[in-house]
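Read through the structure below, which is laid out as structure tokens, and then see the notes.
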Amino acid sequence: MSSKLNPRKLLLSKWTALQPSNKEKHFLVVRVLHPEDPQAPITEVELEAVYSRHSRIISWKTLTNAEDWQQGWH
């Protein structure tokens, strides 16, 4: 995954977990969490599992780990 991933363009992007658990393999970024200070960088996003609709908040930089995540649904 490119380190040039822009957190402001992550909304509604699709991701595949390369080590899925609980049948949760495909995810959608459903929310980008903006900090209170508009000048501060975005640090977190909310991912929702397509299979279970379970959501979790993670650091968006976690998605750049090519051992765990791949952009798109595969």
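Some points to look at:
- Residues being among the acidic types (Asp, Glu) and closer than 18 Å to ASP68 by Cα - total across segment 1-57: 4
- The set of residues from segment 8-53 being over 10 Å from the mean Cα position of the chain (by Cα) and basic (Lys, Arg) comprises ARG8, LYS9, LYS23, LYS25, ARG53.
- Those residues of segment 1-36 which are at pLDDT 95 or above, surrounded by fewer than 16 Cβ atoms within 10 Å (Cβ to Cβ) and either touching a Cys at 6+ places or on another chain (Cβ under 7 Å) or in a loop (DSSP other than H, G, I, E, B) (or both), in sequence order: LEU11, LEU12
- Test for ALA66: is it among the small types (Gly, Ala, Ser), under 12 Å from the mean Cα position of the chain (by Cα) and either part of a loop (DSSP other than H, G, I, E, B) or modelled with pLDDT of 95 or more (or both): no
- For segment 38-53, taking the residues that are part of a loop (DSSP other than H, G, I, E, B) and of a type in the set (A, V, I, L, M, F, W, C), the one that is surrounded by the fewest Cβ atoms within 10 Å (Cβ to Cβ) is identified as ALA40.
The values are calculated or read from the model by the stated rules, or taken from the named source; none is laboratory data. Since we're looking at a predicted model, the values are computed, not measured. Neighbour counts are summed over all protein chains in view; Cβ atoms, including those assigned to glycine, are modelled from backbone coordinates with ideal geometry.
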